[in-house]
């Protein structure tokens, strides 16, 4: 975006909320849950001042169904939550995928399973990329790693959701939600309503047939056609919006793979490559569904091993292994419960992985 | 329709001309017709959005000739909230059975009522889960046999049936609450008046409106359609008294018809 941007020093939650507004969100339904409460607070402050609607739902179950109704009625709509709340939304997400409705969803992931804790985690990777809910539908999933990216990706998620008529999720975590960084804000602007010829609303029946938004398809072929349309969307998204970033050696011995907050730690580890005596490169997905399979596969042909760093016992690593397809060893450095590897932990593990792969570590 | 024929009760424009899937003797058809007649009379068909829910009336979107959204089980009031908040000038109603509204959807309906959400609920109470083949509902009467209370509902096992109107009547949000029965012609006429009032309440911006309709399920009650009507008259009404619990338009001194579009 080329407009003049105002610079602000804000938290990830605030950057996310303002990103939603910049992306055209004028309807927000949500339920409080730590660590993302600043988002609904921000929306309740700002949306009514710009002709929007903020409503606190009685539960995450109700919130996602309000989103379903608002999206069916043609609104750019958003909800945000954290892990246990996202679990409660799975039913509504599945219905929206069945009804082929767009909306934006943010998950500030916290520790689990169970009530878990409110600390950083990346253990909802499967929930994000393998969901949503029952059936074959998937959430397009964006993975920011900074306050700036939280802002930009949330704004862009509205365009992506409407382009593919699909739920688009921003998958972040408790640290990104709470930490403060400089952020260049996209200016707010009036936007035309999204193009949704299927939306319900007051109309002249002489001008169009009545619209029905539905996810009940008892006819086998009609039900299969919904799934085929969704698969076609995901294939199109894979070709058009798969995104990632790379950093480090052009001739790496070890490829680090990490997304979100873990990628921040890995960036620092790559900066210590000389000290480690191992040439490293970081590949960090900015989308995990669609997944950057191809670049990971290409690097796997050239490196001695891949090290995945994630804040879970091993979810993201499965997609990396599917991309690598046995071309080289893939190892995992996973932490959970709010614990994180230090930069030194990553560097040490890189040296171990390199040694195991036969690299002569300097 | 030929030009020569003038029907006193023409087929409502707000109903599609398709065969309904309801069982013979079921009063869903009557309820649909009453709602459609009210939509026609108020002249709001093009700004009406029906929210179909889960149960025997899951296909309501095929029958009401309006825009429609099909909601997940029990979530109709949340979906209706989302629609109405986007289009405050629309006329939104949910059509929900007792399993949908009073069991899995109790949270959604209570909070929509408490917020005074400005839409209308048509609540079909036949004291049984019809579509899933006759299981016990939260409205099943004590002693009533269902496929999951084969010896009759006991309070020791399953507690007591829920009176939805009375429960919602404890809240400030609702503008209209009434219970009617789809049995005899006078009662059906009364039911239509309440349905109209519930839509007028919405049009006047007076908040949440709900009409409970005691309805037959002869199939899962194991009765003939006529026996089922008598069952409502002789047994159900005693537990679910027919009454207008709340009528904010009347409290404001507004007579019938004032809420017209």
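Just give me the residues in region A:62-76 being at the interface with chain B (Cβ under 7 Å from one of its Cβ atoms), within 18 Å of residue B:52 (Cα to Cα) and either touching a helix residue (DSSP H, G or I) at 6+ places or on another chain (Cβ under 6 Å) or assigned to a strand (DSSP E or B) (or both), in sequence order.
Within region A:62-76, A:62, A:65, A:66, A:68, A:69, A:70, A:73 qualify.
Considering (1) over 17 Å from the mean Cα position of the chain (by Cα); (2) in contact (Cβ under 8 Å) with a residue 60 or more places away in the chain; (3) under 13 Å from residue B:93 (Cα atoms), say which one residue B:38 fails and leave the rest.
Exception for residue B:38: condition (1).
Can you tell me which residue is farthest from the other protein chains (Cβ to nearest Cβ) among those in region A:45-61 that are under 23 Å from residue A:109 (Cβ atoms) and part of a helix (DSSP H, G or I)? Don't jump to the end; show me each part of the working.
So in region A:45-61, the residues under 23 Å from residue A:109 (Cβ atoms) come out as A:56-57, A:59-61.
Restricting the remaining residues to those that are part of a helix (DSSP H, G or I) gives A:60-61.
Numbers: A:60: 11, A:61: 7 Å.
Among residues in region A:45-61 that are under 23 Å from residue A:109 (Cβ atoms) and part of a helix (DSSP H, G or I), the one farthest from the other protein chains (Cβ to nearest Cβ) is A:60.
Considering region A:1-23 alone, what residues qualify as being under 22 Å from residue A:193 (Cα atoms) and within 18 Å of the chain's Cα centre (by Cα)? Spell out how you get there, then give the answer.
To start, the set of residues in region A:1-23 that are under 22 Å from residue A:193 (Cα atoms) comprises A:1-3, A:16-23.
Matches in region A:1-23: A:16, A:17, A:18, A:19, A:20, A:21, A:22, A:23.
Considering A:108, A:169, A:179, A:191, which residue is more than 26 Å from residue B:81 (Cβ to Cβ) and either away from every other protein chain (no Cβ under 14 Å) or at pLDDT below 95 (or both)?
Working: A:108 fails: more than 26 Å from residue B:81 (Cβ to Cβ); A:169 fails: more than 26 Å from residue B:81 (Cβ to Cβ); A:191 fails: more than 26 Å from residue B:81 (Cβ to Cβ).
Being more than 26 Å from residue B:81 (Cβ to Cβ) and either away from every other protein chain (no Cβ under 14 Å) or at pLDDT below 95 (or both) holds for just one of A:108, A:169, A:179, A:191, which is A:179.
In region A:207-222, what residues are more than 9 Å from chain B (Cβ to nearest Cβ) and in a loop (DSSP other than H, G, I, E, B)? Show your work before the answer.
To start, the set of residues in region A:207-222 that are more than 9 Å from chain B (Cβ to nearest Cβ) comprises A:207-209, A:217-222.
Listed by number, the residues that qualify are A:207, A:208, A:209, A:217, A:218, A:219.
Restricted to region B:88-121, and to residues that are within 12 Å of another protein chain (Cβ to nearest Cβ), in contact (Cβ under 8 Å) with a residue 40 or more places away in the chain and part of a loop (DSSP other than H, G, I, E, B), which residue is nearest to residue B:35 (Cα to Cα)?
B:119
Quick check on region A:145-167. Is at least one of its residues outside the structural domain of residue A:340 (by TED's automatic domain parsing), in a strand (DSSP E or B) and under 30 Å from residue A:15 (Cα atoms)?
Narrowing region A:145-167 to residues outside the structural domain of residue A:340 (by TED's automatic domain parsing): A:145-167.
The next check asks that each one be in a strand (DSSP E or B); those that pass are A:167.
Okay, now just the ones that are also under 30 Å from residue A:15 (Cα atoms), so A:167.
Within region A:145-167 (the criterion being outside the structural domain of residue A:340 (by TED's automatic domain parsing), in a strand (DSSP E or B) and under 30 Å from residue A:15 (Cα atoms)), the answer is yes, since at least one residue qualifies.
Considering every residue within region B:41-52, establish whether at least one is modelled with pLDDT of 95 or more, crowded, with 21+ Cβ neighbours inside 10 Å and at positive phi.
No, region B:41-52 contains no residue that is modelled with pLDDT of 95 or more, crowded, with 21+ Cβ neighbours inside 10 Å and at positive phi.
Do we have any residue at all in region B:176-185 that's under 20 Å from residue B:41 (Cα atoms), part of a helix (DSSP H, G or I) and modelled with pLDDT of 95 or more?
Yes.
For region A:322-342, give me each residue that is surrounded by fewer than 17 Cβ atoms within 10 Å (Cβ to Cβ) and outside any loop (DSSP other than H, G, I, E, B).
Across region A:322-342, the qualifying residue is only A:322.
Which of the residues spanning region A:194-205 are farther than 19 Å from residue B:53 by Cα and at the interface with chain B (Cβ under 9 Å from one of its Cβ atoms)?
Of everything in region A:194-205, those that are farther than 19 Å from residue B:53 by Cα and at the interface with chain B (Cβ under 9 Å from one of its Cβ atoms) turn out to be A:202, A:203, A:204, A:205.
Which residue, of A:131, A:98, is in contact (Cβ under 8 Å) with a residue 12 or more places away in the chain, surrounded by fewer than 24 Cβ atoms within 10 Å (Cβ to Cβ) and not assigned by TED's automatic domain parsing to the domain that holds residue A:335? If you could, list the steps in order and put the result at the bottom.
On the way: A:131 fails: surrounded by fewer than 24 Cβ atoms within 10 Å (Cβ to Cβ).
So the residue among A:131, A:98 that is in contact (Cβ under 8 Å) with a residue 12 or more places away in the chain, surrounded by fewer than 24 Cβ atoms within 10 Å (Cβ to Cβ) and not assigned by TED's automatic domain parsing to the domain that holds residue A:335 is A:98.
Could you check region A:29-44 and list, in sequence order, the residues that are crowded, with 19+ Cβ neighbours inside 10 Å and either away from every other protein chain (no Cβ under 14 Å) or over 18 Å from the mean Cα position of the chain (by Cα) (or both)?
So in region A:29-44, the residues crowded, with 19+ Cβ neighbours inside 10 Å come out as A:29-31, A:33, A:35-36, A:38-40, A:42-43.
Once the filter is applied, which keeps residues that are crowded, with 19+ Cβ neighbours inside 10 Å and either away from every other protein chain (no Cβ under 14 Å) or over 18 Å from the mean Cα position of the chain (by Cα) (or both), region A:29-44 yields A:29, A:31, A:33, A:35, A:36, A:38, A:39, A:40, A:42, A:43.
Considering only region B:146-168, how many residues are under 16 Å from the mean Cα position of the chain (by Cα) and either on the phi > 0 side of the Ramachandran plot or part of a loop (DSSP other than H, G, I, E, B) (or both)?
Counting residues in region B:146-168 that are under 16 Å from the mean Cα position of the chain (by Cα) and either on the phi > 0 side of the Ramachandran plot or part of a loop (DSSP other than H, G, I, E, B) (or both) gives 2.
Of the residues that sit in region B:57-76 and are surrounded by 24 or more Cβ atoms within 10 Å (Cβ to Cβ) and more than 8 Å from every other protein chain (Cβ to nearest Cβ), which one is farthest from residue A:67 (Cα to Cα)?
The qualifying residue farthest from residue A:67 (Cα to Cα) is B:63.
Considering only region A:305-321, how many residues are buried (at least 19 other Cβ atoms within 10 Å of the Cβ) and in a loop (DSSP other than H, G, I, E, B)?
Looking only at that region, the number is 3.
So is residue A:160 over 19 Å from residue A:77 (Cα atoms), touching a strand residue (DSSP E or B) at 6+ places or on another chain (Cβ under 6 Å), modelled with pLDDT of 95 or more and surrounded by fewer than 24 Cβ atoms within 10 Å (Cβ to Cβ) or not?
So residue A:160 fails the test.
Out of the residues in region B:191-218 meeting the condition of being closer than 16 Å to residue B:125 by Cβ and over 13 Å from the mean Cα position of the chain (by Cα), tell me which one is surrounded by the fewest Cβ atoms within 10 Å (Cβ to Cβ).
Selected residue: B:218.
The values are calculated or read from the model by the stated rules, or taken from the named source; none is laboratory data. Just so you know, these numbers come straight off a predicted model, no measurement behind them. Note: ideal-geometry Cβ built from the backbone for every residue, glycine included; neighbour counts use all protein chains shown.
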